[in-house]
Each structure stands twice: as C-alpha cells, then as structure tokens.
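**Q** My questions will all concern the structure given below.
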Amino acid sequence: MTDVVSTLVDLASCVPEWQAERALNEADRLDLVDLEALHAGIGRLPPRQGMACLRRLLGCDALTDSGLERKFLALVRAAGLPTPDTQAWVSGYRVDFFWPQLGLVAEADGWRYHRTPGDQTTDHQRDQAHAAAGLTTLRFSEWQIRHAPTEVTKRLASVAGRLAVT
C-alpha cells in the first residue's frame, strides 16, 4: 500500500498527462490530498519518473475537471483571452471558468452533469445568482465545444471584448 503522493507520481509516469491531471483533480476533489501538501510531498521523494509531469501540472494556472474543460481552455487561448480562474466559487456556486477582471463566467456543459431537470434548475439558479451580482454568464454545450469551436471562440472574444470596454 502506498500513500496518495506516491500513487500519483507512479501514475503520472505511465499514463498520458491528461489522465494524470484527471487523477490529480479527483484526488483533490475527494480531499485525499491538498495540492500544497502534494507539492511539498513530491519534494521529499527521491527523484523518479512521473515527478516532472506532476510538477508541470501543479504549476499550471488552470486545473480542469474534464476533457471537455481542457478542450474549452484551448478555445479560450485561441480567443486570445487570459487564463481564467478554474473551479472557482462565485456567488455561492462553483463555476468552470471565471475572469474576475471581466466579470465573466463560462460554463462547459457536458451531457453527463446537465441532463436532468434538477441539474438544469441548478444551472438556472446559478446563472440568476451571477446576474444578480452583475456578472455575465456564457454557457457552451458539449456539442458546441466539440463541433463548432470557431463559433465558441468568436463568441468568447466578442463578449470579453465588450466587457473589457465597459
């Protein structure tokens, strides 16, 4: 049996980086490890394969929950936007992407987490709380992100440009 830090390092040595990032996010979400403690723990281990990958991931400005969110971040970069805060708490809700300097929230709505009436009601309540706080929310469906990336990029750039002026 190994500790979480060693397990993540070992995993990062034998899977693609996106899978290591997913495992890192899941360990964080389940409170199996604190990211600062993980960074310190890596520093205490003898050098081995997988450490460079985890250090790179821990040094990233944005950790994501899903492949869809990683695809969305690529579209953010293509739109010329700065890296957003990810998985931030805004107006009492956890959001996928947040640009505090613009007052912009973006959500990447995958089918898995947004399909039931209850999920959709929560999404509406979240959007209403953001509107009440003076924020702009953009929601992009999984289909848009995967099959209409140019449309998503243009919309992001357009709204961010408008918000930067006001």
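**Q** Of these, Ala106, Ala157, which one is outside any helix (DSSP H, G or I) and closer than 18 Å to Leu81 by Cα? Let's see the steps before the verdict.
**A** Working: Ala157 fails: outside any helix (DSSP H, G or I).
After ruling out the rest, the residue left standing is Ala106.
**Q** Which residues, taken from segment 59-73, are modelled with pLDDT under 90 and closer than 14 Å to Gln144 by Cβ?
**A** Leu68, Glu69, Lys71
**Q** Restricting to segment 1-21, name every residue that is surrounded by fewer than 19 Cβ atoms within 10 Å (Cβ to Cβ) and not aliphatic (A, V, I, L, M).
**A** So in segment 1-21, the residues surrounded by fewer than 19 Cβ atoms within 10 Å (Cβ to Cβ) come out as 1-4, 6-7, 10-11, 13-19.
Of everything in segment 1-21, those that are surrounded by fewer than 19 Cβ atoms within 10 Å (Cβ to Cβ) and not aliphatic (A, V, I, L, M) turn out to be Thr2, Asp3, Ser6, Thr7, Asp10, Ser13, Cys14, Pro16, Glu17, Trp18, Gln19.
**Q** Would you mind finding the one in Leu30, Leu45, Leu57 that is crowded, with 16+ Cβ neighbours inside 10 Å and on the phi < 0 side of the Ramachandran plot?
**A** Working: Leu30 fails: crowded, with 16+ Cβ neighbours inside 10 Å; Leu45 fails: crowded, with 16+ Cβ neighbours inside 10 Å.
On inspection, the qualifying residue turns out to be Leu57.
**Q** Follow-up. Give the residue that is modelled with the lowest pLDDT, with candidates limited to residues of segment 80-90 that are touching a Lys or Arg at 6+ places or on another chain (Cβ under 9 Å) and surrounded by fewer than 17 Cβ atoms within 10 Å (Cβ to Cβ).
**A** Applying the filter and picking the extreme gives Ala88.
**Q** Just wondering, is there one or more residues in segment 107-121 that are within 17 Å of Arg162 (Cβ to Cβ) and in contact with a strand residue (DSSP E or B) (Cβ under 7 Å, 6 or more places away or on another chain)?
**A** Filtering segment 107-121 for residues within 17 Å of Arg162 (Cβ to Cβ) gives none.
Checking segment 107-121: not a single residue is within 17 Å of Arg162 (Cβ to Cβ) and in contact with a strand residue (DSSP E or B) (Cβ under 7 Å, 6 or more places away or on another chain).
**Q** Residues that are over 30 Å from Arg162 (Cβ atoms): find the helices (runs of 4 or more DSSP H) completely inside segment 14-102 holding 1 or more of those.
**A** Working: elements: 17-29, 35-44, 51-59, 67-78.
Helices (runs of 4 or more DSSP H) meeting the threshold: 17-29, 35-44, 51-59.
The values are calculated or read from the model by the stated rules, or taken from the named source; none is laboratory data. Not measured: the values here are computed from a predicted model. Backbone-built Cβ (ideal geometry, glycine too); neighbour counts: all protein chains shown.
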